[in-house]
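Below is one structure, written out as structure tokens; the observations come after it.
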Amino acid sequence: MPSYILIATILVLSVIGYYMGRSTALARNGGKVKGLHSLPGYYGYYMALWCAVPALLVAALWLIFENSIIDGLILADLPAGVPADRASLFMTDVRNFSQNGAIAGEVTDALREVSARYVALHDYSGIALAIGALAVGVLGLAFGQARIRASLRARPKVERAMMIALMAASTIAVLTTVGIIMSLLFESAMFFEKVSVTEFLFGLQWSPQTAMRADQVGSTGSFGAVPLFAGTLLITVIAMVVAVPIGLMAAIYMSEYANRKVRAVLKPVLEVLAGIPTVVYGFFAALTVAPFVRMVGQSIGLDVASESALAAGIVMGIMIVPFVSSLSDDVMTAVPQAMRDGSYGLGATKSETIKRVILPAALPGVVGAVMLAISRAIGETMIVVMAAGLSANLTANPFEAVTTVTVQIATLLVGDQEFDSPKTLATFALGLVLFIVTLCLNIVALRIVRKYREQYE
Amino acid sequence: MTDVANKYTVEPFSASVEKRERFNRLLKKRYAAEARFKMWGIAAISVAVVFLVLLLGSIIMQGSSAFVTTRVTLDVHLDPAVIDPQGTKDPKVLAAADYNALLRKSMQTLFPEVEGRGPTRAMMSILSSSAPYAVADFVRENPDQIGQTVKISVLTDDIIDMLRKGYIDRNVPESDRKVDDFQLGIYDKLVSTGAIAAALNTDLLTTGDSREPENAGLWGAVVGSFLTLIVTIGISFPLGVMAAIYLEEFAPKNRWTDMIEVNINNLAAVPSIVFGLLGLAVFLNFFGMPRSAPLVGGLVLALQALPIIIIASRAAIKAVPPSIREAALGMGASPLQTVVHHTLPLSMPGMLTGAILGMAHALGETAPLLMIGMVAFIVDIPSGFTSPATVLPVQIYLWADSPERAFVEKTSAAIMVLLVFLVFMNAAAIYLRKKFERKW
């Protein structure tokens with residue numbers, strides 16, 4: 001039975017439970033609503049909860065552990081022909097064979113046999129799950145119904161269950177963060193067993209292609225991530241050189257100069273820039289901006305690579321403009337009018353007021369906005385994947401192709417991969433660095449922005 | 001008295017003029033600086049607007065031609081000896097026939113001068129490799145026409161399509177051109193007989209991906225996006241609303257809820273590719289969920305959209321005035337009843353607006369989906385939440401990577417489709433906001 005049919009069955013069962021609960025409560029109170037502790041519906045919810053929650057819990061736990069238990073059973077009893085160190089590869093073949101009926105390599109008898117067992121175990125597991133979960137659901141119904149009486153405090157009980165659900169929902173964000181940190185740490189730890197931390201953080205050579213066979217020449221793989229950090233930094237700097245002046249000036253114009261009508265037009269236009277998917281920017285950067293940059297560069301006698309850091313940086317900068325401008329706009333409009341009036345009263349012009357009064361007052365907020373923008377630029381993937389290139393050059397020349405942390409993560413992990421080679425594990429180490437750097441920037445920036453906002457309130 | 005008067009005597013006339021002139025010069029300079037500063041502001045906004053216009057303009061310019069394709073109409077003799085020698089009309093026999101031979105024959109009658117394997121193959125390469133299937137489809141639908149000579153319109157190869165649309169320059173030397181002189185001659189003759197014509201490209205919106213640009217369509221990616229978004233909204237909206245209700249209405253102010261708050265804000269700013277790594281490590285490797293599936297893609301995007309929805313929902317709940325809660329509580333409702341019966345319905349439009357914006361964001365997301373294998377080349381239209389699928393932005397990424405010139409216009413067309421969906425979602429959000437906007 002597919003799991004969603006099972007879940008649907010459990011839900012139908014609990015709807016039945018709702019009506020059973022209602023009618024049972026009324027029946028045990030002589031058919032009158034008066035005298036029941038709670039409204040009849042709450043007895044229904046009470047029973048529905050007793051039916052659905054345990055059954056869904058059983059089903060969820062079963063589905064979570066099903067695969068690892070079956071894999072364990074298969075691995076514990078491998079045929080003689082399979083060496084222990086190839087066990088995980090063999091398991092992948094078994095899984096592919098039983099799902100698609102074909103694998104990339106040769107189909108051996110051992111594989112056929114194990115796959116048949118694998119399929120059989122999954123079938124048994126599915127049947128056992130269906131029977132188990134439905135039995136728990138029915139038992140829950142019986143248990144709930146047995147407890148219904150007029151004096152049962154159904155509403156507080158149902159509400160407590162709801163409250164627990166609400167609390168659980170609010171902790172999902174924390175769980176997600178924990179999940180991110182755990183998965184990154186776990187896989188990175190496996191990477192750092194193979195490659196030392198110092199080599200990774202300070203090595204100058206990045207060529208993640210590792211040898212598939214022991215006798216292969218020239219592809220031992222080196223994992224010095226400095227060229228990636230440098231490339232990321234270069235593109236981020238270019239993006240900021242584009243985004244900060246344009247974003248800031250746009251914000252100044254919109255908050256101080258533009259009248260209501262102009263503002264009503266301009267603000268959505270800038271927001272459109274923020275709403276365009278990054279893959280579109282990447283396509284534009286690779287197909288239109290990069291050739292243009294190359295053409296301009298060549299016409300003034302510069303040697304520009306077809307995938308240059310400059311093209312990716314410029315487009316990324318434009319993408320970030322609305323981000324900088326809307327945050328700066330917020331902080332500048334938060335500067336009290338009295339400060340402007342004071343400045344005008346002393347005879348200052350508008351631009352002098354902006355430069356000498358408003359910007360200094362809004363500076364912390366603007367700095368926070370810029371930091372958030374930097375973190376965005378560091379984490380941006382699609383533009384650089386499509387327009388920045390793959391070669392890990394350690395260069396400060398914006399006309400050359402560079403590669404970034406996110407590009408390497410995206411390109412090394414696409415396609416089928418073995419999860420014990422340093423090549424794929426390296427991406428998690430890169431992800432960890434990316435996460436830590438952006439997290440620090442975000443925390444500091446959010447704190448600055450928030451603190452600044454409170455000042456005038 | 002005189003002392004004071006002396007102190008404030010007017011300066012000599014000449015000095016005053018000089019000072020006034022200096023003052024005027026300074027004032028002029030200040031006004032010039034003022035104008036320059038304002039100009040910078042206008043320039044900054046213009047740069048952004050010009051960029052936007054260029055971006056959209058180039059995509060529309062490149063993409064609009066993809067909605068038209070090139071077809072060639074041929075007189076095909078549906079030879080019973082080739083299609084169905086026994087006259088069984090069995091669909092299996094009909095499907096297995098060599099329709100390429102029929103097409104070859106009808107091309108040969110048009111160009112009797114072409115002889116030999118090489119030239120014939122070059123001539124046939126003008127037709128799309130899917131052309132025999134078009135003939136097969138015609139025969140399946142009109143089995144009574146077997147034996148007759150009928151006009152059938154088939155797709156041309158993408159190179160011919162590019163040639164007709166003017167993307168291939170006839171003036172470059174033959175060796176640098178995708179179409180050689182021989183094919184060019186055949187094409188010109190077909191054009192002069194009126195056999196070649198532009199037609200609406202219905203494949204673009206009805207079929208799945210293909211390695212052949214002329215057959216590649218978006219429908220598989222649209223369905224994949226739709227399934228993924230259903231999972232995303234199905235998980236993130238209830239969870240987001242519940243979390244917002246708890247944090248806004250019930251949560252005590254303590255360390256734990258403070259941590260949740262900080263977490264939600266940070267999660268909104270975590271790079272999207274990190275969510276992809278999370279999905280890969282947890283959903284695929286740990287839970288063993290299927291690769292390339294809308295289910296996993298939806299889960300990853302749900303976690304990413306969650307903070308956006310929570311933040312929007314909290315703002316919506318905050319906007320409901322306390323008097324409503326107090327009235328409900330005063331009538332004897334429990335706190336939860338107050339929320340479910342009063343606060344939630346009143347704040348629902350705001351929550352929906354937030355959810356739509358979150359979905360629009362998720363619809364355009366690419367990077368995390370690359371991590372969980374949604375970049376696979378998938379021809380079939382996905383049939384369920386666990387079948388392999390791709391989504392619109394990833395399809396754009398895949399097509400953008402393809403070397404054929406014809407995929408450039410396909411990519412731009414796909415971007416146009418994606419942008420249309422985004423515009424609709426944003427318009428819906430704005431409409432909802434306007435419709436339910438109320439001042440308490």
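The values are calculated or read from the model by the stated rules, or taken from the named source; none is laboratory data. Since we're looking at a predicted model, the values are computed, not measured. Glycine gets a Cβ as well: all are built from the backbone with ideal geometry, and neighbour counts include every protein chain shown. In case anyone asks, the SASA skips ligands and DNA or RNA and just uses the protein heavy atoms, side chains included. Shrake-Rupley method; radii C 1.70, N 1.55, O 1.52, S 1.80 Å.
Could you please let me know if A:TYR118 is away from chain B (no Cβ under 11 Å), of a type in the set (Phe, Trp, Tyr) and touching a residue at least 40 places away in the same chain (Cβ under 8 Å)? Judged against the criteria, A:TYR118 is a match. Does A:PHE323 count as free of Cβ contacts under 8 Å to residues at least 40 places away in the same chain and either open to solvent by 10 Å² or more (accessible area, probe 1.4 Å) or assigned by TED's automatic domain parsing to the domain that holds A:ILE238 (or both)? Judged against the criteria, A:PHE323 is not a match.
Annotation note: of B:GLY185, B:GLY166, B:GLY234, B:GLY220, the sole residue that is outside any helix (DSSP H, G or I) and either free of Cβ contacts under 8 Å to residues at least 12 places away in the same chain or out of contact with any helix residue (DSSP H, G or I) (no Cβ under 6 Å at 6 or more places or on another chain) (or both) is B:GLY166.
Can you tell me which of B:LEU155, B:LEU163 is crowded, with 20+ Cβ neighbours inside 10 Å and at pLDDT 90 or above? Checking each option against the conditions leaves just B:LEU155. None of A:GLU187, A:GLU159 is within 14 Å of chain B (Cβ to nearest Cβ), crowded, with 16+ Cβ neighbours inside 10 Å and without any contact (Cβ under 8 Å) to a residue 40 or more places away in the chain except A:GLU159. Among residues of the range B:34-47 that are at the interface with chain A (Cβ under 7 Å from one of its Cβ atoms) and on the phi < 0 side of the Ramachandran plot, those with a Cβ under 7 angstrom from a residue that is of a type in the set (Val, Ile, Thr) and assigned to a helix (DSSP H, G or I), sequence gap 6+ or separate chain, pair up as B:GLY41/A:ILE252; B:ALA44/A:ILE246; B:VAL47/A:ILE246. Of the residues making up the range B:378-401, those that are touching a residue at least 24 places away in the same chain (Cβ under 8 Å), away from every other protein chain (no Cβ under 12 Å) and open to solvent by 30 Å² or more (accessible area, probe 1.4 Å) are B:VAL379, B:ASP380, B:ILE381. Listed conditions (1) at pLDDT 90 or above; (2) within 12 Å of chain B (Cβ to nearest Cβ) are all met by A:GLY137, apart from (2).
Could you go through the range B:140-162 and let me know if any residue there is of a type in the set (A, V, I, L, M), part of a helix (DSSP H, G or I) and within 14 Å of B:HIS77 (Cβ to Cβ). The answer is no; no qualifying residue exists. Of all residues in the range B:252-282, those satisfying the criterion of being more than 7 Å from chain A (Cβ to nearest Cβ) and not in a helix (DSSP H, G or I) are B:PRO252, B:LYS253, B:ASN254, B:ALA268.
Flag: B:ARG71 matches the condition of being basic (Lys, Arg), part of a strand (DSSP E or B) and surrounded by 11 or more Cβ atoms within 10 Å (Cβ to Cβ). Scanning the range A:1-22 for residues being closer than 20 Å to A:ARG153 by Cα and surrounded by fewer than 16 Cβ atoms within 10 Å (Cβ to Cβ) gives a total of 1.
A:ILE448 satisfies every condition listed in (1) outside any helix (DSSP H, G or I); (2) surrounded by fewer than 24 Cβ atoms within 10 Å (Cβ to Cβ); (3) not polar (S, T, N, Q) except (1). The residue that is nearest to the chain's Cα centre (by Cα), counting only those in the range B:250-285 that are open to solvent by 10 Å² or more (accessible area, probe 1.4 Å) and of a type in the set (Phe, Trp, Tyr), is B:PHE283.
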